[in-house]
Protein chains: 2
Amino acid sequence: MIPPLRNDRFLRALNRQPVDQTPVWMMRQAGRYLPEYRMTRSQAGDFMSLCKNPQLACEVTMQPLERYPLDAAILFSDILTIPDAMECGLYFEAGEGPRFQRPVRTSADIDALPIPPMAEALDYVMSAIKTIRAELNGKVPLIGFSGSPWTLATYMIEGCGSKEYRYAKGLMYSDPIALHVLLEKLTMAVTDYLNAQIDAGAQAVQIFDTWGGVLTEPAYREFSLAYMAKVISGLKRECGGQKVPVILFTKGGGGWLEAMADTGCDALGLDWTVDLGACRRRVGNRVALQGNLDPSVLFGSDKQVILEVGRLLQSFGAHPGHVFNLGHGINQFVDPDRPATMIKAVQQISREIHAGS
Amino acid sequence: MIPPLRNDRFLRALNRQPVDQTPVWMMRQAGRYLPEYRMTRSQAGDFMSLCKNPQLACEVTMQPLERYPLDAAILFSDILTIPDAMECGLYFEAGEGPRFQRPVRTSADIDALPIPPMAEALDYVMSAIKTIRAELNGKVPLIGFSGSPWTLATYMIEGCGSKEYRYAKGLMYSDPIALHVLLEKLTMAVTDYLNAQIDAGAQAVQIFDTWGGVLTEPAYREFSLAYMAKVISGLKRECGGQKVPVILFTKGGGGWLEAMADTGCDALGLDWTVDLGACRRRVGNRVALQGNLDPSVLFGSDKQVILEVGRLLQSFGAHPGHVFNLGHGINQFVDPDRPATMIKAVQQISREIHAGS
């Protein structure tokens with residue numbers, strides 16, 4: 001019933017097995033930089049309507065794969081589905097980021113939060129995964145994902161995006177116990193959500209810790225990393241007899257890679273501020289690495305894109321265990337010709353590196 | 001004529017000499033969190049009018065010193081005075097950040113930029129420094145400052161604040177030579193500006209590299225660090241027979257401290273994401289360190305503020321060469337009672353640490 005996977009480079013690299021060429025995908029690869037995405041999005045109405053329609057979510061998930069020879073698909077969804085399922089009242093203001101009608105600020109708010117079974121509360125996500133798997137038909141693996149407990153907590157506490165985390169850090173530094181209670185609840189929700197995604201067909205999962213990097217080192221360990229480790233220890237690591245690798249991505253977490261590798265994850269996502277080769281030397285063969293081109297390189301010329309791709313691949317070398325990616329999501333103003341140049345360069349240059357090893 | 005300095009803890013710490021207690025100041029200490037600042041600001045009209053009025057700039061510079069036992073004053077000004085003097089047409093939109101009427105995007109734009117002598121073009125800054133020195137009357141030293149060439153370039157190229165640096169990084173990755181020409185011009189301007197500040201009476205200077213941390217490591221070295229090193233090598237390091245220390249602060253630069261210490265600066269400013277003790281072990285006795293409490297700790301309780309201050313001071317230990325500061329500017333929503341708690345804790349705890357050494 002399940003078609004065999006025709007391209008397993010991505011899963012092989014995550015498992016630190018040799019590959020013919022370095023697999024490549026892009027964070028936010030289904031997104032606004034693609035005219036075909038903007039067209040589907042305008043049909044759907046608002047952003048969450050697109051996320052909640054499995055057929056359209058499948059359509060936009062497939063769009064970058066039709067345009068580029070990518071080695072993985074990623075579920076089209078949003079990290080704020082969990083707070084939405086926990087009845088925070090997610091909405092989008094035109095021209096603004098996401099907002100919540102009911103921010104979570106007090107112990108009473110936290111105690112009142114429901115944790116519904118995610119397979120049911122977010123059945124539209126599970127339907128999207130099943131639809132995409134059928135549509136992929138074994139072409140490449142499908143990645144599922146969730147925000148980290150800390151990252152979800154910041155949105156729920158602030159009620160919107162933030163630069164300063166006035167309320168989230170205010171809670172951390174005035175009532176840390178209350179924050180721990182919230183993070184425990186979110187850890188249960190994230191674990192359940194990712195397991196439901198794996199049951200539905202996700203072949204790898206990534207935890208996006210978008211805001212872990214705004215913490216001090218002790219606060220990162222206590223309020224973000226510890227809960228991600230707990231999520232990982234609670235995950236089913238198998239889907240249809242295949243191992244399901246787990247990728248951990250803390251933006252701005254370059255100083256803490258050794259501790260991140262201790263969580264039991266299979267791979268670390270890296271932003272562009274760290275040197276890929278130096279990171280490999282730090283974590284050795286314990287985990288694979290995913291990254292880490294500066295997304296802004298795609299604002300440059302083809303020549304510079306190729307130079308930067310080459311520099312990055314050479315820095316990692318011929319070792320197994322690298323998934324090429326951007327260090328953050330692709331920007332909406334990127335010309336879709338630049339990723340084509342980037343992906344072609346990854347394939348050509350990495351093929352030579354791997355052939356020479 | 002020049003009154004002797006009655007409190008030299010700050011300069012002693014920058015020169016890695018022993019002190020009785022760790023000196024403390026706060027980035028953006030003259031700012032919106034103070035009701036007296038908001039009152040003066042409303043008298044001045046807009047923000048740049050406040051910067052351009054030496055009497056009012058002096059008034060707001062002195063306000064935090066009247067409230068708290070701080071060990072240094074910092075010139076009240078803005079990092080965008082240089083682009084303003086270079087005729088980029090600085091203006092402030094209500095509720096928005098700074099903007100430029102004439103962003104710098106092309107080689108022609110860059111070639112056309114004037115570099116006026118800063119002592120004349122920014123004479124209001126020099127008048128403010130002289131006024132503040134007279135008003136301080138030797139109470140504590142006065143810090144002058146400038147944005148780094150790269151940080152100023154990002155604002156001038158984008159024309160406003162940015163999260164993605166679409167145009168600045170676009171130029172870096174399509175026409176790096178043009179960007180180097182701009183950075184050379186800004187290096188001349190910044191060097192001249194800081195020397196004029198030192199001539200006017202600045203007793204230490206800080207280079208704010210607010211946006212160096214958004215670069216890859218090679219790009220940081222090539223487009224930010226190299227130009228800061230050039231600025232530092234061109235500075236007069238003396239004011240009235242006293243050495244003028246230079247502090248280099250790259251926000252997000254925690255991975256590159258060793259290279260930053262090689263610029264010839266006297267001290268490195270640290271943001272809060274790095275462990276202060278680990279940083280000291282990395283740079284040893286080569287430079288002093290300034291920082292690095294998470295500014296958001298000031299949203300917490302007095303108890304947590306004291307705990308975090310103690311943790312930070314213990315992490316550095318009894319060695320000479322620490323200036324206590326926040327890891328970034330103080331937030332406008334902080335209750336002015338929290339900094340009072342913080343400063344008192346720094347003094348009490350550090351006095352014990354230094355007495356025991």
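The values are calculated or read from the model by the stated rules, or taken from the named source; none is laboratory data. Given the structure is predicted, the values throughout are model-derived calculations rather than measurements. Positions of Cβ are backbone-derived with ideal geometry, glycine not excepted, and every protein chain shown enters the neighbour counts.
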Open item on the list: Checking B:LEU56 against (1) touching a residue at least 40 places away in the same chain (Cβ under 8 Å); (2) surrounded by 14 or more Cβ atoms within 10 Å (Cβ to Cβ); (3) under 25 Å from B:ARG99 (Cα atoms): exactly one of these is not met. Which one?
Closed with: (1)
TODO: Give the residues of segment A:249-308 that are farther than 22 Å from B:ALA219 by Cβ and either hydroxyl-bearing (Ser, Thr, Tyr) or without any contact (Cβ under 8 Å) to a residue 12 or more places away in the chain (or both), sorted by residue number.
DONE: A:THR263, A:GLY284
Open item on the list: Looking at segment A:295-328 only, could you name the residues that are within 11 Å of chain B (Cβ to nearest Cβ), within 18 Å of A:ASP271 (Cα to Cα) and in contact with a helix residue (DSSP H, G or I) (Cβ under 7 Å, 6 or more places away or on another chain)?
Closed with: A:SER296, A:VAL297, A:LEU298, A:PHE299, A:VAL305, A:GLU308, A:LEU312, A:SER315, A:GLY327, A:HIS328
Open item on the list: Being without any contact (Cβ under 8 Å) to a residue 12 or more places away in the chain and closer than 30 Å to A:ARG6 by Cα is the filter here; which residues of segment A:98-151 pass it?
Closed with: A:ASP123, A:ALA134
Open item on the list: When you scan segment B:62-80, do you find a residue that is in contact with a Leu (Cβ under 6 Å, 6 or more places away or on another chain), closer than 30 Å to B:ARG166 by Cα and either loosely packed, with under 14 Cβ neighbours inside 10 Å or modelled with pLDDT under 95 (or both), even just one?
Closed with: yes
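Residue by residue, here is whether (1) in contact with a helix residue (DSSP H, G or I) (Cβ under 7 Å, 6 or more places away or on another chain); (2) aromatic (Phe, Trp, Tyr); (3) more than 11 Å from every other protein chain (Cβ to nearest Cβ) holds:
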| position | (1), (2), (3) |
| --- | --- |
| B:GLY159 | no, no, yes |
| B:SER162 | yes, no, no |
| B:TYR165 | yes, yes, no |
| B:LYS169 | yes, no, no |
| B:GLU184 | no, no, yes |
| B:MET188 | no, no, yes |
| B:GLU222 | no, no, yes |
| B:LEU225 | yes, no, yes |
| B:CYS239 | yes, no, yes |
Open item on the list: Can you list the helices (runs of 4 or more DSSP H) lying wholly within segment B:1-71 that have 1 or more residues being acidic (Asp, Glu)?
Closed with: B:35-44, B:54-67
Open item on the list: Given the criterion within 12 Å of chain B (Cβ to nearest Cβ), within 21 Å of B:GLY255 (Cα to Cα) and small (Gly, Ala, Ser), identify the matching residue among A:GLY269, A:GLY255.
Closed with: A:GLY255
Open item on the list: Filter segment B:198-216 down to the residues that are touching a Pro at 6+ places or on another chain (Cβ under 7 Å) and either of a type in the set (D, E, K, R) or assigned to a strand (DSSP E or B) (or both) and list them by number.
Closed with: B:ALA204
Task: segment B:190-220, subset away from chain A (no Cβ under 14 Å) and polar (S, T, N, Q), residue nearest to B:ASP8 (Cα to Cα) - done: B:GLN203
Open item on the list: Just to be sure I understand the filter: pairs with C-beta atoms under 9 Å, separated by 6 or more residues or on different chains, first member in segment B:38-53 and more than 15 Å from B:SER77 (Cα to Cα), second member part of a helix (DSSP H, G or I). Which pairs pass?
Closed with: B:GLN43/B:LEU50; B:GLN43/B:LEU56
Open item on the list: For segment B:171-182, give me the residue count where each residue is among the hydrophobic types (A, V, I, L, M, F, W, C), within 9 Å of chain A (Cβ to nearest Cβ) and surrounded by fewer than 21 Cβ atoms within 10 Å (Cβ to Cβ).
Closed with: 0
- [ ] Looking only at segment B:237-245, decide whether some residue is closer than 24 Å to A:GLY252 by Cβ, out of contact with any Phe, Trp or Tyr (no Cβ under 7 Å at 6 or more places or on another chain) and not in a strand (DSSP E or B).
- [x] no
Task: Residue selected from segment A:273-289 under the condition farther than 27 Å from B:LYS251 by Cα and assigned to a loop (DSSP other than H, G, I, E, B), by the criterion farthest from the other protein chains (Cβ to nearest Cβ) - done: A:ASN285
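Rundown of residues vs (1) at pLDDT 95 or above; (2) part of a helix (DSSP H, G or I); (3) crowded, with 24+ Cβ neighbours inside 10 Å, yes/no style:
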{"residue": "A:PRO218", "(1), (2), (3)": "yes, yes, no"}
{"residue": "A:LEU225", "(1), (2), (3)": "yes, yes, yes"}
{"residue": "A:LEU235", "(1), (2), (3)": "yes, no, no"}
{"residue": "A:TRP256", "(1), (2), (3)": "yes, yes, no"}
{"residue": "A:GLY264", "(1), (2), (3)": "yes, no, no"}
{"residue": "A:ASP271", "(1), (2), (3)": "yes, no, no"}
{"residue": "A:GLY291", "(1), (2), (3)": "yes, no, yes"}
{"residue": "A:LEU312", "(1), (2), (3)": "yes, yes, yes"}
Task: Where B:VAL334 falls short, out of the listed (1) out of contact with any Gly (no Cβ under 8 Å at 6 or more places or on another chain); (2) in a helix (DSSP H, G or I); (3) among the β-branched types (Val, Ile, Thr) - done: (2)
TODO: Report the residue count in segment B:293-310 for those that are outside any loop (DSSP other than H, G, I, E, B) and either surrounded by fewer than 17 Cβ atoms within 10 Å (Cβ to Cβ) or on the phi > 0 side of the Ramachandran plot (or both).
DONE: 3
- [ ] Return yes when A:LEU186 is over 26 Å from A:CYS58 (Cβ atoms), buried (at least 24 other Cβ atoms within 10 Å of the Cβ) and in contact (Cβ under 8 Å) with a residue 40 or more places away in the chain and no when it is not.
- [x] yes
